[in-house]
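Okay, so here's the structure we're looking at.
The values are calculated or read from the model by the stated rules, or taken from the named source; none is laboratory data. Here the structure is a predicted model, which means the values were calculated and not measured. Glycine gets a Cβ as well: all are built from the backbone with ideal geometry, and neighbour counts include every protein chain shown.
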Amino acid sequence: MHGMTIDSKYGVPTVAVHTHVFEKVVQSVTRVSGMPQARYVFVPQPVMGKSARELRAYVDGNDPVTGRPVMQEIIEGLTRPLNGDQLKGVTFERSTPRLVEPDTEENLHRLFLENNWTDKLPIILPTEERVAEMLSHTSHKPDEVVGHMRSTAFREYWEYTVEKVAVNAVMAGARPDYFPVILALAASEASARGSTTSSMAAMVVVNGPIRHEVGMNWGTGAMAPYNHANATIGRAYGLLSQNLQGGSVPGLTYMGSQGNNYMYNSVTFAENEERSPWEPFHVQHGFKPTDSTVSVFTGCRSTAFTLGVREKHWREHVRNMLRGMDAHSAPTFLLDPIAARLFIDRGGFDTKEKLIQWAYDNALMPASEYWDYQLIQNYIYPRATFGEEPWVSKLKAAADELIRMFSLEDIHVVVVGGETNGYWRIIGCNYRKTVSVDEWR
Amino acid sequence: MSSEEQVIRASDVSESKKVIVLNPVGYPPKVTPKPMAPRLDTLDGKTVYLVDPRFDDSDLFLKQVRAWFAEQMPSVKTKLVQMSSVYTKDDPKTWEEIKANGDAAIIGVGH
C-alpha cells in the first residue's frame with residue numbers, strides 16, 4: 001500500500017518487497033487499488049527471526065513466486081520502462097447483481113458454498129419472501145446505506161444496504177425480530193472477519209430490553225451453543241462481515257495463520273444485568289439502562305480463566321492471569337455474577353471502574369520484556385518513537401523497571417453466566433464501539 | 001472474492017424447480033486507475049531509499065539489501081529510513097523526504 005502511494009502520489013519509482021505467502025493478496029490489492037502493474041518482489045516467508053546470514057541468502061536468492069533473482073527483479077522494477085499498458089485491468093466496472101441466477105435449491109446451496117458466501121455450515125437460502133419478512137422488522141428502507149466495511153486497513157471499503165444485511169441475516173437462520181440487532185452490528189462497520197495474520201475474532205455484548213424481547217441468554221451457557229438468538233445473531237454478524245466487505249477467503253482476503261473458532265458466532269451473548277452488582281456495560285458508555293445496544297470488540301484471541309477469587313492470594317492469581325495475556329491485547333473481564341460479587345468482597349470493588357483501576361495498576365511487566373514482544377515492536381514501539389503518549393514515557397523506563405502493560409481505557413468488565421459456579425475468564429480484545437439497536441428498529 | 005471471480009451459473013433444470021434468491025455480496029467501489037512514476041534509465045549515481053515499515057524485523061532484511069548494493073552496485077547511494085510510526089499509518093513526512101532527496105524507493109518487508 002505504501003509503495004503504491006510513494007510511486008503514484010509522490011512520483012518516485014518504487015518496488016515493494018513482500019513475503020511469498022502474500023502473493024494473491026498483493027495481486028488483488030494492487031488491482032483493486034488501480035495499480036495492477038505496480039512493481040513488487042517476493043522473498044520467502046518468514047523474515048521475522050531470521051539471522052543476517054539467512055536474510056542475505058534471501059537477497060542473493062530467487063523470488064519464490066517467479067523463480068528469478070530477487071535483486072534483478074528489484075532493479076528491473078525501478079528501471080524497466082512503463083509499457084503503456086500499466087492501467088490494463090483497471091477499467092472494468094465491478095457490480096453486484098441483486099439476484100443470483102435462479103436454480104434448484106441443491107445447486108444454489110452448492111453455489112453459495114463454492115463462492116465462499118457461507119461459513120461452510122448449511123445456510124438458509126435468502127429467497128425474496130424470507131428477505132422481505134426480515135425487512136419488515138425495521139422501519140429503514142431496503143436501499144438505505146448502512147455502512148462500509150473492509151477486511152484490513154490496506155483494502156478498499158465496500159458498501160452495503162439494509163437489504164444486503166437482511167440477505168445475510170436470513171442465511172444465518174436469524175429470526176426476523178432479531179434484525180434490528182443485526183443491523184446495529186452492521187452499522188458498527190467493525191468487521192468480524194478481519195484479515196490479520198493474528199487470527200482475531202470479534203465479540204458482541206448485547207445490553208438493554210432487547211435481550212428480553214428476542215430471548216437472548218446471559219445465564220447458564222450464554223457463550224455456548226444453547227440459545228437461538230445468541231447463535232444466529234453472532235453467525236449473521238460473521239456472514240455479513242465476510243460478504244459485505246468483499247470476501248474472507250484464505251490466502252486472498254483472510255490471512256489468519258491459525259484461524260480462530262471464536263469466529264463461528266463471534267462470541268455473542270447478552271450481559272447478565274439482572275444479577276450483576278454493577279452498572280451495565282452500555283450505561284458505562286453513555287447509554288440509558290432502557291436503551292438497547294450492541295457493543296463490539298475485535299482482536300479477540302487470548303483467554304485466561306480461573307475459579308473463584310481466593311482470600312489469601314487472589315491478587316497474585318489475577319496478576320498471573322494478566323501477565324499471561326498478550327501485552328498488545330487489553331483484558332476484558334468476563335465475570336460470572338458469583339465472581340463479580342467475590343471481587344467486591346475481596347477487593348472492595350463496588351464499581352466496575354474500581355476493578356478496572358486495580359487491573360491497570362497491577363498488570364505490570366519489566367520494561368525490557370514488554371518492549372521485546374513482537375507485537376509491541378510492530379505496533380507500539382514505532383508509535384513510542386514517534387512521540388505518542390503514554391508509550392513515549394514508558395520508553396524512558398529502565399530495563400528492569402515494572403511498567404503498565406495496558407492503557408486504563410482499554411480494560412473492561414462484563415458480567416455473564418448462570419451462577420452454576422464462580423468460574424470467570426479474561427479475554428484479550430479491543431473494544432470498538434457501542435451502537436444503538438433502537439435506531440435500527 | 002470479486003464478482004468476476006464468483007460462479008454465476010444456471011443449471012439445465014425445469015423452471016418450476018428453480019428458486020430465486022438474493023445475492024449476499026456487498027457493493028465494491030469503482031476501481032480508479034492510478035498513474036505510476038516514470039522509471040529510471042539507470043540506477044548509477046542515483047539515491048535509492050530503503051524504507052523500513054517497522055514490521056517483523058524488516059529492518060534486518062533491508063540492511064542486507066543495503067549491503068548488496070554496497071558490494072555489487074557501489075555507484076548507487078542507499079539511505080535506510082524507518083517509517084515515522086506504525087506501518088498501518090500513512091507517513092507523508094517520510095514520503096516528502098524521499099521525493100525531495102531520492103530517485104527511487106524500495107519498501108519492505110510488508111505483508
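Miscellaneous remarks
Per-residue answers, yes or no, for (1) among the β-branched types (Val, Ile, Thr); (2) at pLDDT 95 or above; (3) under 30 Å from A:Pro209 (Cβ atoms):
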site	(1), (2), (3)
A:Asp361	no, yes, no
A:Tyr381	no, no, no
A:Lys394	no, no, no
A:Ala398	no, yes, no
A:Val416	yes, yes, yes
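Let's see how each residue does on (1) within 18 Å of A:Asp326 (Cβ to Cβ); (2) exposed (fewer than 14 other Cβ atoms within 10 Å of the Cβ):
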site	(1), (2)
A:Gln377	yes, no
A:Lys396	no, yes
A:Val416	no, no
A:Thr420	no, yes
A:Ile426	yes, no
A:Glu439	no, no
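- Among the residues of segment B:38-46, not a single one is more than 19 Å from A:Leu78 (Cβ to Cβ), under 22 Å from the mean Cα position of the chain (by Cα), facing another protein chain (nearest Cβ under 7 Å) and of a type in the set (D, E, K, R).
- Top-ranked residue of segment B:12-36 - restricted to ones that are facing chain A (nearest Cβ under 7 Å), part of a loop (DSSP other than H, G, I, E, B) and charged (D, E, K, R), ranked as surrounded by the most Cβ atoms within 10 Å (Cβ to Cβ): B:Lys34
- Some residue of segment A:256-264 being within 14 Å of chain B (Cβ to nearest Cβ) and surrounded by fewer than 19 Cβ atoms within 10 Å (Cβ to Cβ): yes
- Of the criteria (1) part of a loop (DSSP other than H, G, I, E, B); (2) at pLDDT 95 or above; (3) not aliphatic (A, V, I, L, M), which one A:His109 fails: (1)
- Residue within segment A:36-44 that is modelled with pLDDT under 95, under 20 Å from A:Thr152 (Cα atoms) and either assigned to a loop (DSSP other than H, G, I, E, B) or at the interface with another protein chain (Cβ under 7 Å from one of its Cβ atoms) (or both) present: yes
- Taking every residue in segment A:181-203 that is surrounded by fewer than 21 Cβ atoms within 10 Å (Cβ to Cβ) and pairing it with any residue that is part of a loop (DSSP other than H, G, I, E, B) and aliphatic (A, V, I, L, M), at least 6 positions away or on another chain, the pairs with Cβ-Cβ distances below 6 Å are A:Thr197/A:Met255.
- Entry remark, segment A:231-259: residues being assigned to a loop (DSSP other than H, G, I, E, B) and more than 11 Å from A:Trp117 (Cα to Cα) number 9 in total.
- All positions within segment A:96-127 that are under 19 Å from B:Tyr27 (Cβ atoms) and at the interface with chain B (Cβ under 7 Å from one of its Cβ atoms): A:Thr96, A:Pro97, A:Arg98, A:Leu99, A:Val100, A:Glu101, A:Asn115, A:Asn116, A:Trp117, A:Pro126
- Positions within segment A:2-35 being within 15 Å of A:Thr79 (Cα to Cα) and in a helix (DSSP H, G or I), in sequence order: A:Asp7
- Scanning segment B:47-99 for residues that are in a helix (DSSP H, G or I), among the small types (Gly, Ala, Ser) and within 8 Å of chain A (Cβ to nearest Cβ) yields a total of 2.
- Some residue of segment A:189-212 being in contact with a Leu (Cβ under 6 Å, 6 or more places away or on another chain), under 19 Å from A:Thr298 (Cβ atoms) and either aromatic (Phe, Trp, Tyr) or within 13 Å of chain B (Cβ to nearest Cβ) (or both): no
- Condition check for A:Val32: within 8 Å of chain B (Cβ to nearest Cβ) and either under 24 Å from A:Gly256 (Cα atoms) or modelled with pLDDT under 90 (or both): yes
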